[in-house]
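*Asks:* This is the structure, below, for whatever I ask next.
The values are calculated or read from the model by the stated rules, or taken from the named source; none is laboratory data. Computed from a prediction, not measured in an experiment: that's the story for all the values here. Calculation scope for accessible area: heavy atoms of the full protein, side chains included, ligands and nucleic acids excluded. Shrake-Rupley method; radii C 1.70, N 1.55, O 1.52, S 1.80 Å.
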Amino acid sequence: MRLWVLGSGSSGNAVLIETERTRILIDAGFAPRVLKKRLAVAGVAPESIEAVVVTHEHTDHIKGVRSASRKWGWTVVCTAGTRMMCPDWSELRTILTPCRSTVVIGDFEIQTVPVSHDANEPIAVIVTSIAEGARAGIVYDLGHVTEGVSRALDKLDMLVIESNHDEGMLRTGPYPPSLQARIRGKFGHLSNRDAARAVSQTMHSGLNNIVLAHLSEKNNTPRTALSTVGDSLRHARFRGRLTAAAQDSVVGPICVGAEARAAIAPIQLALGI
């Protein structure tokens, strides 16, 4: 199983997961022309994608969903709460899933997990390759890690997790107090320290790749996020690869199994090597 982060941040988010038989996207927060260009970096034709799993209805996660799904025939997988917020999806082929459920798409078992965010029925996604047993978690846009999310992160091979802001940079940055409060709140976004705590709690010997996602361009830097989370992982004796996703470039492939040695990224911190 291979994973590519096609871009992650406040301007757009999309994650590609593929096996030899099946390709899916988690979110499509870029216009179709951008998605096609980013997919080309991974050597993937948009028409070969079976489905897009939508975590919630905010624009940076759904910008390309309607146009791309109509153009390339993708099935949309989302909660009823998310679908209700997107009335222009009426003509799209859609699978509605409860916020705590499992859906099978081709070679993938897709587990949905409710998260705390200021959206209508938002979810995190755990994707398991039925053939290989490899497990990847995509967990971003959440104000705090609930017990349900923590349980879902058990025994992952790959984890894409939000590391949105540095608390000090947010406090002294350009955002007004009301927006700062929203970001810090229980329905906002995870800080670097929150991400560090979450990955330390889910650590096990099989977790080989962690990608920090949805970094704020105003209140964080890749170096700061990598440093904060990396310090925590060293104490947890992590022996894999820690990478910061970028807004405007592709990170990947991140692999498990025989291909696990092939990983490229514009910014990375390899620990314990």
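*Asks:* Just the number please: accessible area per residue for the chain, 1.4 Å probe, all protein chains included, in Å². Mind showing how you got there, number by number?
*Replies:* Details: 11350 Å² over 273 residues.
Heavy-atom SASA per residue in the chain reads 42 Å².
*Asks:* List, in order, the whole-Hz ³J(HN,Hα) value for each residue of region 135-140 obtained from phi through the Karplus relation with A = 6.51, B = -1.76, C = 1.60 and θ = phi - 60°; use x for Gly and Pro.
*Replies:* 10, 10, x, 10, 9, 9
*Asks:* Tell me which label goes with the value of mean projected area of the Cα convex hull in nm² computed from the coordinates here: (i) 12.0; (ii) 12.8; (iii) 17.6.
*Replies:* Answer label, from the structure shown: (ii).
*Asks:* I'd like the carbon and sulfur percentage of the solvent accessible area for the chain, probe radius 1.4 Å, heavy atoms only, ligands and nucleic acids excluded.
*Replies:* 50 percent
*Asks:* Name the shape class, rounded, prolate or oblate, that the alpha-carbon gyration tensor gives for region 1-135, where a ≥ b ≥ c are the square roots of its eigenvalues, rounded holds for a/c under 1.5, and otherwise prolate holds if a/b is larger than b/c and oblate otherwise.
*Replies:* Since a/c stays below 1.5, the shape of region 1-135 is classed as rounded.
*Asks:* So, one more: I'd like the distance between the alpha-carbon centres of region 200-228 and region 98-149, rounded to an integer number of Å.
*Replies:* If you average the Cα positions of each part, the centres end up 18 Å apart.
*Asks:* Using each residue's phi in region 151-168, evaluate 6.51 cos²θ - 1.76 cosθ + 1.60 at θ = phi - 60° and report the 3J(HN,Hα) Karplus result to the nearest Hz, with x for Gly and Pro.
*Replies:* For region 151-168, the Karplus curve yields 5, 5, 7, 5, 6, 7, 8, 9, 9, 9, 10, 5, 9, 6, 8, 8, 4, x Hz.
*Asks:* Enumerate the helices in the chain for which the Kyte-Doolittle hydropathy averages -1.0 or more and the C-alpha atoms extend at least 18 Å along the helix's axis, using complete DSSP H runs.
*Replies:* 222-235
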